[in-house]
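Single-structure report; data block below.
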Amino acid sequence: SGNTKNWAGSWRTTLFSLLEDLPNSLRPLIYSIAIDGTSATTIIVDSNTGDPICRPFLYNESYPDALKVVKSISPANHTVCSGSSTLCKLVSWWNSQDSDKDSAILLHQADWLLWLLHGKLGVSDYNNALKLGYDPESDSYPKWLIAQPFSHMLPSVTAPGTSVGFLREHVRMQFGFPEDCVVCTGTTDSIAAFLAARATETGRAVTSLGSTLAVKLLSTKRVDDARYGVYSHRLDDKWLVGGASNTGGAVLRQIFTDKQLDELSEQIDPTESSHLDYYPLPAVGERFPVADLEMAPRLHPRPTNDAEYLHGILESIARIEAKAYGLLKDLGTNSVEEVFTAGGGAKNEKWRKIRERVLGLPVRRAIQTEAAYGAALLALKGAH
């Protein structure tokens, strides 16, 4: 409808539609729920009612007006020093707002949806809160962030998969869930995809080929460098180091239908290199492995053969992936030994072979490629 403020309403509708879709025979067996959501998708709500005060800020939206302020209050090259960080979105809102500041609280997409289920407003997890400025190593907000006038808007933070409480009574009654069904803190979508892939050993990596390209490498060393859009999420006693490029499936969908992607992929020889050199982006701006808000998409020249064109785009995305893992190694992480693939792009076998050739590494499709499976594993952890 073009009503951007109603995005949150569509999320709510979708969540309850999904719960409605659960077979009646399974509902009594559900004893824990968790949700993953896109990192840095931010919603500011009334701290009394939980209702959105303004339209949500999406994960890939950048707020350069706030970046100068954020850089002035945070350490150099901190994770928040990116125009699309959650903190930049908060600062931009704070500086443009004249009222409702005292009764406002910031939540991430997953936090707000989980609140609809457990009813305890203002709870987040340390994966979602990373781009807000939360320090997962000290397990606290840093002093420079607490000192800001908007610090009352910061949610409380727990480990992902922590039980927050039981389902709201009216939700439980509506769907017939058991009385002891708990709701747990969630995580980001790329972390959930990593959990789903079960890549549990150091040096294992997961590339999520969804609307964007997100890479995560399990490392013993934490690396954060906003110059390149690199940040580290805590995963128990190790670190998931990586970043998210704006390239990915969103670009492909701008050019091809799903049917065309399937048919044209079959015509590609993945053992042959493409001579086409693109930088596929859905719009101006890149986050990682190059942080450049003004980078323009490069998708020309376009050959007359569509299969050749698709080959060039897929291989160009693979080169961005290779550059991403190379950058992580240069910054001091463990070397990548094996890559698992999650997300919709994991289904494309020709693309997997292209990536294996470009990366020079074993590339396998994860047994579980849906981020939701990783969220379910968190729910299982919370139930225990």
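The values are calculated or read from the model by the stated rules, or taken from the named source; none is laboratory data. Note that the structure is predicted; figures quoted are calculated from it, not measured. Heads up, the Cβs are rebuilt from the backbone with ideal geometry, glycines too, and the neighbour counts pull from every protein chain shown. The protein model used for the area step is the full one, side chains on, heavy atoms only, and it has no ligands, DNA or RNA in it. Shrake-Rupley method; radii C 1.70, N 1.55, O 1.52, S 1.80 Å.
Check whether at least one residue in the stretch 118-125 is part of a strand (DSSP E or B) and open to solvent by less than 20 Å² (accessible area, probe 1.4 Å), and report yes or no.
Residues of the stretch 118-125 part of a strand (DSSP E or B): 123-125.
Right, trim to open to solvent by less than 20 Å² (accessible area, probe 1.4 Å) and you get 124-125.
Yes, the stretch 118-125 has at least one match.
Exactly one condition in (1) surrounded by fewer than 20 Cβ atoms within 10 Å (Cβ to Cβ); (2) touching an Asp or Glu at 6+ places or on another chain (Cβ under 6 Å); (3) in contact (Cβ under 8 Å) with a residue 40 or more places away in the chain is not met by Asn246; state its number. Failing condition for Asn246: (1). Residues in the stretch 315-351 that are buried (at least 22 other Cβ atoms within 10 Å of the Cβ), within 23 Å of Ala196 (Cα to Cα) and charged (D, E, K, R): Glu321 alone.
Residues in the stretch 285-306 that are in contact (Cβ under 8 Å) with a residue 12 or more places away in the chain and touching an Asp or Glu at 6+ places or on another chain (Cβ under 6 Å): Glu286, Met295.
Picking from Ala291, Ala283, which residue would you name as being farther than 22 Å from Asn127 by Cβ, surrounded by fewer than 22 Cβ atoms within 10 Å (Cβ to Cβ) and among the hydrophobic types (A, V, I, L, M, F, W, C)?
Details: Ala291 fails: farther than 22 Å from Asn127 by Cβ.
Result of the check over Ala291, Ala283: Ala283.
Within the span defined as the stretch 78-95, one or more residues are open to solvent by 40 Å² or more (accessible area, probe 1.4 Å) and assigned to a helix (DSSP H, G or I). The residues in the stretch 205-222 that are under 16 Å from Pro136 (Cβ atoms) and either of a type in the set (D, E, K, R) or open to solvent by 10 Å² or more (accessible area, probe 1.4 Å) (or both) can be counted, and the count is 4.
The set of residues in the stretch 1-50 being under 18 Å from Lys89 (Cα atoms) and among the basic types (Lys, Arg) consists of Lys5 alone. Any residue at all in the stretch 128-135 that's out of contact with any His (no Cβ under 7 Å at 6 or more places or on another chain), touching a residue at least 12 places away in the same chain (Cβ under 8 Å) and among the polar types (S, T, N, Q)? Checking the stretch 128-135: not a single residue is out of contact with any His (no Cβ under 7 Å at 6 or more places or on another chain), touching a residue at least 12 places away in the same chain (Cβ under 8 Å) and among the polar types (S, T, N, Q). Answer yes or no as to whether Pro56 is in contact with a strand residue (DSSP E or B) (Cβ under 6 Å, 6 or more places away or on another chain) and either of a type in the set (D, E, K, R) or over 21 Å from Ala159 (Cα atoms) (or both). For Pro56, the condition - in contact with a strand residue (DSSP E or B) (Cβ under 6 Å, 6 or more places away or on another chain) and either of a type in the set (D, E, K, R) or over 21 Å from Ala159 (Cα atoms) (or both) - is met.
Just one residue in the set Leu235, Leu264 is surrounded by fewer than 24 Cβ atoms within 10 Å (Cβ to Cβ), hydrophobic (A, V, I, L, M, F, W, C) and touching a strand residue (DSSP E or B) at 6+ places or on another chain (Cβ under 8 Å); that residue is Leu235. Any residue that is crowded, with 23+ Cβ neighbours inside 10 Å, more than 22 Å from the chain's Cα centre (by Cα) and in contact (Cβ under 8 Å) with a residue 60 or more places away in the chain - is there at least one of those in the stretch 372-381? Scanning the stretch 372-381, I find no residue that is crowded, with 23+ Cβ neighbours inside 10 Å, more than 22 Å from the chain's Cα centre (by Cα) and in contact (Cβ under 8 Å) with a residue 60 or more places away in the chain, so the answer is no.
Residues that are surrounded by fewer than 18 Cβ atoms within 10 Å (Cβ to Cβ), within 22 Å of the chain's Cα centre (by Cα) and either assigned to a helix (DSSP H, G or I) or not charged (D, E, K, R) (or both) within the stretch 352-370 comprise just one, Ile367.
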